[in-house]
Every structure is written in C-alpha cells, then in structure tokens.
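The values are calculated or read from the model by the stated rules, or taken from the named source; none is laboratory data. These numbers were taken from a predicted model, which means no experiment stands behind them. A quick note on method: Cβ atoms are made from the backbone with ideal geometry, for glycine too, and the neighbour counts reach across all protein chains shown. Surface accessibility is based on the protein's heavy atoms, side chains included, excluding ligands, DNA and RNA. Shrake-Rupley method; radii C 1.70, N 1.55, O 1.52, S 1.80 Å.
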Amino acid sequence: MKKLQGINGLIRMPEGEGQERGDLYTTALYSEDLGSYLLADNANRTVREALGEQSTADLPTLWSALKLIRAAGAALPAELEKRLANAAMPPRQQDIGAEIAALWFWIDIGRMQGWSVIAGKSFVEEALIRLGAIDINSITNKPYLLWRLFDSYSALPKERPRELERALKNVDSKKLPGDYESTLDFQAALEARATLGNDLVVPNGARDHIVRLLDSSQVHDDALIASMLRSLELLNAQTEAKRLVKDRIAPRVDQKTGLIRSSTLAKGSVHATYLAARLLDTSFPAVASGRTRDELERVLKAPETDQITQLKALVALKRSGSSSWGSYGSIIEQGRAALPATVTFANLSGYIELVDVLVQLEPNARLARLEAFDADPGVEDLLSGALMALSNSMYFSNSEEVRSMFPAVQSALPQLIGSSRGRGPNYFRALTAMTNASRSGLGSNDFDKAAEELRTLKGCKEFPSLYRLEADKASPCSLSISAAMIAVPGAYDFGENK
C-alpha cells in the first residue's frame, strides 16, 4: 500500500490512476477565472451526472455545482434544483472556523440564488442568529475567518457588526503567501482593503512573489492557487493572473466533462487514507509516515474541513499509531450530536456514512431506529437504500427488525448476487447484505458461489489482494470496493495481508 502514498503523505485512490477527470470543487474554485473555457452544455451534463451518482450531497458539493452552472451560463439542472430545495442548514459546529465555513457555504448558495430556492425568511433569520453567536474577539488574529464572517453578513439583510469592521481594518499583509494560512490571510487583507478602503501597506514585492510561486509550480493545492490568483487581481495584476490561468489552469480542463483536473494526481486524499486504514487495520502504522500524520492533523485543524472528512481523518490518525488523536474529542462530540434519533429513507445514506465512521472512534455511540420504507427491487434508488440498510443493520437500534425488512428485495438477493452481468454498485451492496438478510432464503451454497464469483474480480497490478470493478484484469483496483468487501464471507482469507 506504500506505493499509493502521495506527495502529501496521504493515500491515493488506485481507481484514479491514469484517470484525469476533473472534479466539481476544483472547477468551482476557478470558475470565475475561466470564462469562455467553460461550456454550458458540458457544465449542465456534468452536474447532472455528478449529483446522480450520489444519494446525498454536502454543502460544498452543492455550492460547487451551482457555482459552475452560473459561471458557464447554463440552465439550472432539475437534479440540482431538487437538491437545493431539500438542502438542510448545516448543523452547528463547535470549532469556530468550521462554523464560519459551514455558514459561508450555506449563505453563498443563498446569495447565488437570491434565496429563492433553498431558503425562506426563517432560514435567513437562523443564519443571522448563528452568525451573531460567533465571538469576533476570538478570531481577531485570523484575517481569513474575519473576512469570511464579514462576507457572510454582507450577503444578508442586516448591518455588519462594527467590531467586525474594526477588526478587519486592523489586519495587515506583512506575511507574504507561502503556507496555507498565510496565503488565505493575505487574500483576506486585500479583500478588506478593497471593500473597506482601509490604509493597508502591501509589501513591494508581493505581486512578483506570487507570480514566481505559481510559475515555479511549487504550489499544488488548488485552493491556494485560486487564492493567489484572486490576490493578483486585487493587486491590479490582472494581466499576470489571466496569463497564469491560461498557462496553468485552462490546460487542465477535461474536454469530455468540462471539469478541471486536480493540480496534481500525485496527492492522496483523506478518504483514500481512511479506507486504507480500515483495510490494513493493525498494519496501517507501517504504511503511515510522519508526513501522513502531519497532513491528517493539518486537515483536522483546517476550518473548511467538513464533518465527515474530519472524522475520517481522525480515524486514520488513530489507526496510524499517533497518540494525538485523543486531543480532538470535540470532533467526536460533534459527530455524536449530529446523529438523528430516527432514520428514514430520506436521511438513510447520510446516517450510514456518519455512524460507520463514528463508531470507530466512539463504539458506544447512540444508534438510531430505522423506520421501514417500501423498497421495490425494480426502482434503483429504493433498491440501493434497502441493500444499504440490510448491509448495515448493526448500526440501528432495531437491528433484528431491520434484518427482516424489505421482503421483496430480500427475495431478489439470490438473483442479484448470482448475476455476472453489469456489476454495478448494487451488485456489491447485495454481497454485503447477504449475511444480514434473514428472509432471503440464501444458504451456504449461495455464499460459496458468491465468494467464488467475487474472486474473479480480485487482484490487479501491484495489489493482488484488492478488488476490481471490472472483470478485465488490466482494470485498476478499487479501494472503495475492497473496503466494502471486508464484510463479505470468503472475500479475504484469514490472515491475508490486505
């Protein structure tokens, strides 16, 4: 698994090797700079496909989709309109940086839509209450948080707190962009100067410093590149910014999807690192380097990190052998507070994703009760939901009852696991649901057959114990599928080095 370690110390997804598809968030970061590079038809299709692949979408994903659609001048896809209409206000975050980030994404979506799609008056009022509860004195030394808070107020029908304006007028730009914090803080200082007209002294070499950094390709984080480009615009260096967009960003637009590829395919992700930690279990510390642990802690401290990513980073940090994971108890508490009391089809996917990560940090986390829903095996999303519930029956307070739910889906299980055609996501979900479906009629022979069929998907170049999505042995292995298969009888031989 060490072969998958990226330049940032995190693990890369092997299924992404050789693939250069862009992603929504990266594209959204640059959308205002790209102009004619973005095609309306491509953007509309890409957003529909991206949202169609997931049953839930977090606020950054919805923000990215909406930002891309607006920048490309495309019509709002029905799928995005539906997701926006059903979007819930983000839960309160204990960390002040995470709270400001979550509220900013929510408010900026409302600003882009004129509050016509996602929110009525009550949502605006709640956002103002949440903003008003933030202690401005605690972030006076954090210009970027001050700016995001100021920008959030600017989008709402309420006068900004005077102490917030005073704090922003006092920020400086003495530290030139370099690391994550200094880059965002430098941009915030320039934003404040442009908006408030404060007398900000900018170092003479700031523009040349940023241009040198971007031309040298030393910066690999797209959020930082986008921030530096914005700083150049605020420094009246639009010509240099446009040249850098043309030279560095435009060549990364995937003509098939209209999305921008990540600035480097050599970086790993928290999600992949989390999956590797689960697969390797007690062997993970041998793979996790000091750089891995440092990057996981950076992600945990970054204010823009969403809750699920924080929890996954914390699981990986814990399994890496680092003792510092214990100092992030507030993240676990936030996860516990976000668990619903009751689970329905509407919030099933989000609950499973949250509780599956949380129980690895808090084994005694409160489990919710699943309310039964009608699941027609011929309706894809209902089938997926039923299989997801059966696969994860142990995460419900009424687990025994869940194992007897969805009789039509359980009756279809033998056919689902026996079909070798079109192995889509529901094929793999059916495999993980087998042992928890008490009314499926499956016997030991069915389990043996399923394990034998699954073995035809095992192994790929350099990773003989991982699983592929395709029968072709040349196709890449998938960390996501391999981690899911842990629950399948016979998927892994006892003691096998995963």
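Taking the stretch 367-404 only, how many residues are assigned to a loop (DSSP other than H, G, I, E, B) and touching a strand residue (DSSP E or B) at 6+ places or on another chain (Cβ under 7 Å)? Show your work before the answer.
To start, the set of residues in the stretch 367-404 that are assigned to a loop (DSSP other than H, G, I, E, B) comprises 367, 371-379, 392, 397-398, 403-404.
Keeping just the survivors that are touching a strand residue (DSSP E or B) at 6+ places or on another chain (Cβ under 7 Å) gives 367, 371, 397-398.
Number of matching residues: 4.
Looking only at the stretch 70-106, filter to residues that are at pLDDT below 90 and acidic (Asp, Glu); which one of those is nearest to ILE129 (Cα to Cα)?
Per the criteria, the residue is ASP95.
Provide a single number: the residues in the stretch 299-311 that are open to solvent by 10 Å² or more (accessible area, probe 1.4 Å), under 28 Å from ALA389 (Cα atoms) and either at pLDDT 95 or above or part of a helix (DSSP H, G or I) (or both).
3
Take the residues in the stretch 9-28 that are surrounded by fewer than 22 Cβ atoms within 10 Å (Cβ to Cβ) and modelled with pLDDT of 80 or more; name whichever of them is nearest to the chain's Cα centre (by Cα). Walk me through how you get there before you give the answer.
So the first thing to find is which residues in the stretch 9-28 are surrounded by fewer than 22 Cβ atoms within 10 Å (Cβ to Cβ), and the list is 9, 13, 15-23, 25-26.
Right, trim to modelled with pLDDT of 80 or more and you get 9, 13, 25-26.
Numbers: GLY9: 18, MET13: 14, TYR25: 9, THR26: 12 Å.
For the stretch 9-28, the residue satisfying everything is TYR25.
Please go through the stretch 371-401 and give me each residue that is in contact with a Phe, Trp or Tyr (Cβ under 8 Å, 6 or more places away or on another chain) and either under 22 Å from ILE417 (Cα atoms) or in contact (Cβ under 8 Å) with a residue 60 or more places away in the chain (or both), ordered by number.
The answer is ALA375, LEU382, GLY385, ALA386, ALA389, LEU390.
Quick one: ALA368 ticks every box in (1) small (Gly, Ala, Ser); (2) at pLDDT 95 or above; (3) under 28 Å from THR282 (Cα atoms) except a single one, so which number is it?
So ALA368 meets the others, but not (3).
Take the residues of the stretch 312-361 that are among the aromatic types (Phe, Trp, Tyr) and open to solvent by 60 Å² or more (accessible area, probe 1.4 Å): which is farthest from ASP376 (Cα to Cα)?
Checked the stretch 312-361; the qualifying residue farthest from ASP376 (Cα to Cα) is TRP325.
Six or more apart or on different chains, Cβ atoms under 8 Å: show the pairs whose first residue is in the stretch 310-322 and under 15 Å from LEU358 (Cβ atoms) and whose second is of a type in the set (Ser, Thr, Tyr) and not in a helix (DSSP H, G or I).
Once the first residue is under 15 Å from LEU358 (Cβ atoms) and sits in the stretch 310-322, its partners that are of a type in the set (Ser, Thr, Tyr) and not in a helix (DSSP H, G or I) give ALA313/THR305.
Of the residues in the stretch 222-239, how many are open to solvent by less than 60 Å² (accessible area, probe 1.4 Å) and not small (Gly, Ala, Ser)?
Let us first name the residues in the stretch 222-239 that are open to solvent by less than 60 Å² (accessible area, probe 1.4 Å), namely 222-229, 231-235, 237.
Keeping just the survivors that are not small (Gly, Ala, Ser) gives 222, 224-225, 228-229, 232-235.
Count: 9.
Failed condition for VAL171, given (1) part of a helix (DSSP H, G or I); (2) more than 27 Å from ASN86 (Cα to Cα), with all others met?
The number of the failed condition is (1).
Anything in the stretch 138-168 that is in a helix (DSSP H, G or I) and among the charged types (D, E, K, R)? List them, or say none.
Of all residues in the stretch 138-168, those in a helix (DSSP H, G or I) come to 138-139, 143-154, 162-168.
Correct list: ARG148, ASP151, ARG162, GLU163, GLU165, ARG166.
Which members of the stretch 174-221 meet the condition of being surrounded by 17 or more Cβ atoms within 10 Å (Cβ to Cβ), modelled with pLDDT under 90 and closer than 13 Å to LEU244 by Cβ?
The answer is LEU213, LEU214, VAL219.
Looking only at the stretch 127-157, which residues are closer than 22 Å to MET89 by Cβ, surrounded by 14 or more Cβ atoms within 10 Å (Cβ to Cβ) and of a type in the set (D, E, K, R)?
Matches in the stretch 127-157: ARG130, ARG148, ASP151.
Which numbered condition in (1) under 23 Å from LYS301 (Cα atoms); (2) assigned to a helix (DSSP H, G or I); (3) among the small types (Gly, Ala, Ser) is the only one that SER349 fails?
(1)
Provide a single number: the residues in the stretch 79-109 that are open to solvent by 10 Å² or more (accessible area, probe 1.4 Å), more than 20 Å from ARG148 (Cα to Cα) and touching a helix residue (DSSP H, G or I) at 6+ places or on another chain (Cβ under 8 Å).
3
Tell me, please, whether a residue that is surrounded by fewer than 18 Cβ atoms within 10 Å (Cβ to Cβ), in contact with a strand residue (DSSP E or B) (Cβ under 8 Å, 6 or more places away or on another chain), under 16 Å from VAL359 (Cβ atoms) and not hydroxyl-bearing (Ser, Thr, Tyr) can be found in the stretch 277-289.
No, that holds for no residue.
Those residues that are crowded, with 21+ Cβ neighbours inside 10 Å and assigned to a loop (DSSP other than H, G, I, E, B), I need them from the stretch 413-466; list them, please.
ALA437, SER440, LEU457
Under 6 Å by Cβ, and 6 or more places apart or on different chains, what pairs join a residue from the stretch 441-469 that is over 15 Å from PRO414 (Cβ atoms) and free of Cβ contacts under 8 Å to residues at least 60 places away in the same chain with one that is open to solvent by 30 Å² or more (accessible area, probe 1.4 Å) and in a strand (DSSP E or B)?
Every condition considered, the pairs that remain are TYR467/LYS458.
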